[in-house]
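Below: the structure, in C-alpha cells.
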Amino acid sequence: MTREFAWRWMRFLWLAVGMLFVCFPLYWMAVTALTPRTELFRPPYDVIRFSYSLENIRELLSATQFLTFMGNSLIVALGTVVINVMASTLAGYALSRFEFRGKKTFVAATLWTYMFPPILLAIPLYLVFSYIGLRNSYGGLILAHVSISLPLNVWIMWQYFQVVPRSLEEAAWTSGASRLRALIEVLLPSALPGIISAAIFSFALSWNDFAFAFILQTDIAMFTLPVGLATFVEQSAIHWGLIMASSLIVSLPTFALVFFLQRYLMHGFSIGK
Amino acid sequence: MANTNQAREGAWISAAIAPSLILLLIVAYLPILYALSLAFYDKSAFRPDMEWVGLANAEWLLAQKDFWAAMGRSVVFTLGTVGFQLAFGLFFGLLLNQAIAGRSVMRSLVILPYLLPTIVIGLVFRWILNPEFGVVNQLLLSSGLIDRPINFFGGIDAAMPSIIITTGWQYGSFAVLLILARLQSINPRLYEAARSCGAGTWRCFVDVTLPNLRTTLLLIALLRGIWMFNKFDLIWIITQGGPLQATETLPIYIYEIAFRDFDFGRAAAGCVAIFIILLLFSFIYFKFFNPTKEVEVNR
C-alpha cells in the first residue's frame, strides 16, 4: 500500500519535472513578449509575474517589417497548400485504385525524397533559380517548399484512399456516374480528413521552413517570417521583447493546430518529419 | 471494348500521376542530379562557365582537416541528440502511458515543441540561455548552483551540449508519440502473464515492454538519425557553426563553402558525401521497415 503510494508520487513528481522542462521555455517566451521594454532591461526578473502590456506587440506591428514578412509567409504557404492538395490527391487516387508498372518504384522514390536534406536540394535550386530568375520570387520558394512537402502528402493521400472502401465508388458507377463524377462527388468527400491533413502539413512545413527561404530569398522585401525574424537579432534597435512577441505570433498557428486539429495531425505522424 | 477500357484506364493513371511526378522531377530529382554532377566541375563565382575537373573537388575535400572535423561533429551531434530524444521519448512515453489526471492535455503540450517553427525554438533558447539577460542563468545564480553566468551557446565547451539539448527539446516529442502508440498496442495479457509468474514492475519492463519497443526505438534512431545528421536550420539560427567552429557540422561546413566561398563545385562534392550517407541510412530503412507496403483493410 505505502509502496504503491510512493510509486504514484514519484511518477507524479517526475512528470512535473518533465513538463516544467517542456513548458518553461514557452512560458518565458509569452512572458517576455508581454513585458514592456523598460522592465526588460532591469534584471533580475520575477519568474512569476502579474502585470502585462501589449506594448511590444503594438511596436512590432507598427515599427518593424513584421507584417511584410507575414504577408510573404502567407502567400508562399497558401501556394504550397494548393499545389500539394491537388497533386497529392490525384496521385493518391491513382496509386490506390489502379495497378500499373512502376507503382512500387514511384512510392519508394517519393518516400525517399522525403529524407533528402535541405542543403542537398537548396544548393542546386539556388543555382537553377538564379539562372532562370526565380530567386526572390514567390513561385520559386513555393516550388522549393513543394519539394519537401509533396512526398509526405502523396504518402498520406495514398494511405488515406486505401481506407476509403471501393464499394462506395462502385455503387456510384452502377447508378451511371462516370469515373470523374464518382471521384468528385463520392470519393473526395469521404477522403476529406486525409485532404485536410495534407493541407495542414503543407502549410506547417512551408510556414516553418527556414533553410530554403534563407538560401533562396536574399532580398529583404521577399523574406518570410522565419528569415525575417532571424535578422531581428542582428538589429540593435530591436530588443528581446519584440523578438519574443514576434516568436509568439509566429507560433500561433501551431498552438491552434495542436489544440483544435489533433485528430488530423495524427495521420501524418505515423511517418512525420 | 476491353481495349478502350484499358486505354481509358491508362489515360486516368497518367493524368493523375503526372502532376506529382513532374513536380518531383523538377524540384527534387533533377536538382539532386545536377548537384551530384556539379561535383565533377569547377564552378565558382570567379568562373561562371563550368569546367570539367574530374575528381579534383573530391580530392580537395577529402584532404581538408575541416571536412573531417565537421564530419566528426555531425556524428557527435547525431548520437547526442538522438540519444537524448530516445531517453526523452521513453521517459514521457512510459509516464503518459499510465492513467493519470490531465493526460491528454499533457500529451498535447509535449507535442507542441515539435510543431513550432525552428526559428521560434532557436530564438527562445537564445533568449532564456542568454549570458547577460537569460532567465536560466539568473535562476542558477540566485540558487547558488553557479557563481558566474554560463555562456551556453557562446562558450567553446558549452555550445555543442547546449545545441544538443535544444534540438532534443524540439524533436523529443516525435519519439514520445511513436513510443506511446506502440506501448498502447502491447497486449495487456502479456503483463498479466508476467505478473502471474511473479514479475515485478522492473522485470515487466525488461521482459515485456522493452522487447516490444525494440523496433520502434530502432525506427526512431534511424529516421531521426538521418535528419539530425543533416540538421542545418537550428544550428545556423543559434550559433552559425560557432564559437570558432565548435558547432560546425557537415551541412554548415558545406553551406559555407557554397555561400561564403561561392565555390559550388567543391560544395557539390560535399553534397555527394551527404548523399552517400543518406543512401546508407535509407537502404537500411527501406530494407527493414518496408514503408511501401499497402495498408491492410478489412472489407
Could you check the spin-label model distance between A:Ile75 and B:Leu25? Points 7 Å from the Cα along Cα→Cβ, value in nm.
2.9 nm
Given points 7 Å out from each Cα along the Cα-Cβ axis, report the B:Trp68 to B:Ser196 separation in nanometres with one decimal.
6.0 nm
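Suppose R0 equals 22 Å. What FRET efficiency, 1/(1 + (r/R0)^6) with r the Cβ-Cβ distance, do B:Ser14 and A:Ala109 give to the nearest 0.05?
0.85
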Neighbouring partner chain Cβ atoms per residue of A:242-254, average, 10 Å criterion:
4
Length-normalised contact order of chain A, Cα under 8 Å, at least 6 apart, in percent, tallies to 30 percent
Just check chain A against the gyration tensor rule for me: Cα atoms, a ≥ b ≥ c as the square roots of the eigenvalues, rounded for a/c under 1.5, and otherwise prolate or oblate depending on whether a/b exceeds b/c.
oblate
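Between A:Ser51 and B:Lys287, what FRET efficiency comes out of the Förster formula 1/(1 + (r/R0)^6) with R0 = 60 Å and r the beta carbon distance, rounded to 0.05? Kindly include the intermediate steps, with their values, before the conclusion.
Details: r = 59 Å, r/R0 = 0.98.
Computed FRET efficiency for B:Lys287 and A:Ser51 comes out at 0.55.
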Across A:Leu183, A:Leu141, A:Leu125, the residue with the highest GNM fluctuation in chain A (Cα network, 10 Å cutoff) is A:Leu183
Cα-based Lys proximity count in the protein assembly as shown, under 25 Å, for pairs eight or more positions apart or on separate chains
12
Counting helices only, and only those DSSP H runs with n ≥ 4, report the 222 nm mean residue ellipticity of the protein assembly as shown as the sum of -39,500 (n - 2.57) divided by its residues, in deg cm²/dmol to the nearest 500.
-23500 deg cm²/dmol
What does the C-alpha gyration tensor say about the overall shape of the stretch B:1-148? Classify as rounded when a/c is under 1.5, otherwise prolate if a/b is larger than b/c, or oblate.
oblate
Averaged across the residues of B:124-135, what count of C-beta atoms belonging to other chains lies within 10 Å of each residue's C-beta?
5
Hand me the chymotrypsin sites (Phe, Trp or Tyr not before Pro) from the stretch B:201-298 located in a DSSP loop with no more than 14 other Cβ atoms within 10 Å, in residue order please.
B:Phe262
Compute the separation of the alpha-carbon centres of the stretch B:1-70 and the stretch B:150-209 and state it in Å as a whole number.
38 Å
For the stretch A:1-66 and the stretch A:69-117, what is the separation of their Cα centres, given in Å?
38 Å
Sticking with the crude label model, points 7 Å out along Cα→Cβ, report the distance from B:Arg203 to A:Trp7 in nm, one decimal please.
1.4 nm
Scan the stretch B:1-93 for chymotrypsin sites (Phe, Trp or Tyr not before Pro) in coil per DSSP, keeping those whose Cβ has at most 14 other Cβ atoms within 10 Å, and list them by number.
B:Phe46
B:Leu79-A:Thr231 FRET efficiency (beta carbon distance; Förster radius 45 Å; 0.05 resolution)
0.85
By how many degrees, between 0 and 90 and to the nearest 10, does the Cα long axis of helix A:2-33 differ from the longest principal axis of chain A?
80 degrees
Using only alpha-carbon positions, what ratio does the radius of gyration of chain B give when scaled by 2.2 N^0.38 Å?
1.27
Take the alpha carbon gyration tensor of the stretch A:1-145, find the square roots of its eigenvalues, order them as a ≥ b ≥ c, and report rounded if a/c is under 1.5; if not, report prolate when a/b exceeds b/c, else oblate.
oblate
Counting other Cβ atoms within 10 Å, which trypsin sites (Lys or Arg not before Pro) in the stretch B:218-280 have at most 15 and lie in a DSSP loop?
B:Arg260
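FYI, it's all coordinate maths here, none of it is from the lab. Quantities reported herein were computed from a predicted structural model and do not represent experimental measurements. So basically every Cβ, Gly included, is an ideal-geometry build from the backbone, and we count neighbours across all protein chains shown.
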